[in-house]
Amino acid sequence: MDMENVKQIFRDAGTAISRAVQFTEEKLGKAEKTEQDPNFEQLVTFCDNTKQNTETILKNMEFILNSNPGMRVENLFFLDKKKSGLSSSEHLGIAMTEAGNDFGPDTAYGSALIKVGNIQQTLGLNQREFIKSANDCFVNPMNKYLETDMKTVVKERSLLEKRRLDLDACKTRVRKTRMLATTKVKQDDSGPTMEELIDKAEHDLKVAQEEYNRQAEITKLLMEGVPSAHPQHLQHLLDFVDTQAAFYLKCHESLMSLQSDLSGFPSDQDNIATLSPDTPALGRIQQAKVITSQEPRDAHDLRLSAGEIISIDVNSDIGSNYFIGKKIQKGKVYKSNVRLLNQG
């Protein structure tokens, strides 16, 4: 390493120490700080808001486009692993179609599982296409803006702050040198005179002021360009909305088609809709005590009061969570609301 490089290292170290001292004294209220004009400060606030809000939007957009936290962790730790790339809906659809084939495509349940599974896979494919389109039209352009234009603004602002610290440190040295000159302190004849010290301090101040002014102008021009980027950001946002609307429209059309295909399948409502007070008992009748009052959810439910005894057809387990019960009329009685009584 030659002597010039060594000198430059010492100069850089001295500058860093000078900035640190100036910054510390400003925080302690022992040094003056050069303030920017209100217009400049407004630009700073606008840039900060643009950067912070854009980062927040993109962070939340990531959760919308990739709602599986486990997959996000997998992307971090297994970047070199080959993943299937299937969405959760596609995995669900595959499981349903496999189950439907196991139960038999000729059975009502098996056939329904296959139909629903196929639509789930279609929904998953639509979702992957939507994620790709959303990244292309919104996420990637906005990330690019943060990594280029905004990153440049942040870099120049950081450099301006360093120039400002250098300027204020020079102002402090000029002030202290002038104060020292007024005290008429006896000087070493071998060193520079007080006039030379003042001249050097003032020269350093002039250079620092010029560098600060030049950097302030560059930074201001860059920050003035930030508002002009908002119209382009608006266009990215509109493109995202169009993409999202098209995605949900496809999903709606697929689900409406599925609902139409499944309309001919039997349901619990088909079983309960045929009940009437004259319907004969379907199986073994047993007494049950109502432990929780039941308000009808629809026309097929019985109204029950806690403590009353009713008749239950224990073989009428049509649904997964109710019996057919009888008071004056017949209707659904939810299992959680009654307790069967032992027959002696």
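The values are calculated or read from the model by the stated rules, or taken from the named source; none is laboratory data. Just so it is clear, the model here is predicted, and its values are computed rather than measured. FYI the Cβ positions are ideal-geometry reconstructions off the backbone, even for glycines, and counts take in every protein chain you see. We work out accessible area using only protein heavy atoms, side chains counted, and drop any ligands, DNA or RNA first. Shrake-Rupley method; radii C 1.70, N 1.55, O 1.52, S 1.80 Å.
Please identify the pairs in which a residue from region 103-124 that is over 30 Å from LEU65 (Cα atoms) and part of a loop (DSSP other than H, G, I, E, B) has its Cβ atom under 6 Å from the Cβ atom of a residue that is among the β-branched types (Val, Ile, Thr) and open to solvent by less than 50 Å² (accessible area, probe 1.4 Å), counting only partners at least 6 apart or on another chain.
Hits for this filter: PRO105/ILE114.
This table checks each residue for (1) open to solvent by less than 50 Å² (accessible area, probe 1.4 Å); (2) under 30 Å from MET142 (Cβ atoms); (3) touching a strand residue (DSSP E or B) at 6+ places or on another chain (Cβ under 9 Å).
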residue	(1), (2), (3)
GLU202	no, no, no
LEU205	yes, no, no
TYR212	yes, no, no
VAL226	yes, yes, no
ALA229	yes, yes, no
HIS233	yes, yes, no
HIS236	yes, yes, no
ASP239	no, yes, no
LYS250	no, yes, no
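Quick one: what pairs do we get from region 170-192, first residue over 27 Å from GLN209 (Cβ atoms), second of a type outside the set (A, V, I, L, M) and at pLDDT below 80, C-beta under 9 Å, 6+ apart or different chains?
Listed pairs, sorted by first residue: GLN187/THR193.
Tell me which of these LYS250 doesn't satisfy, since it passes every other one: (1) in contact (Cβ under 8 Å) with a residue 60 or more places away in the chain; (2) of a type in the set (Lys, Arg); (3) within 30 Å of ARG163 (Cβ to Cβ).
(3)
Among the residues that make up region 75-89, is at least one of them open to solvent by less than 70 Å² (accessible area, probe 1.4 Å) and either under 23 Å from SER263 (Cα atoms) or modelled with pLDDT of 95 or more (or both)?
Yes, region 75-89 contains a residue that is open to solvent by less than 70 Å² (accessible area, probe 1.4 Å) and either under 23 Å from SER263 (Cα atoms) or modelled with pLDDT of 95 or more (or both).
Among the numbered criteria (1) open to solvent by 70 Å² or more (accessible area, probe 1.4 Å); (2) at pLDDT 65 or above; (3) hydrophobic (A, V, I, L, M, F, W, C), which one does MET3 miss?
Result: MET3 fails condition (2) only.
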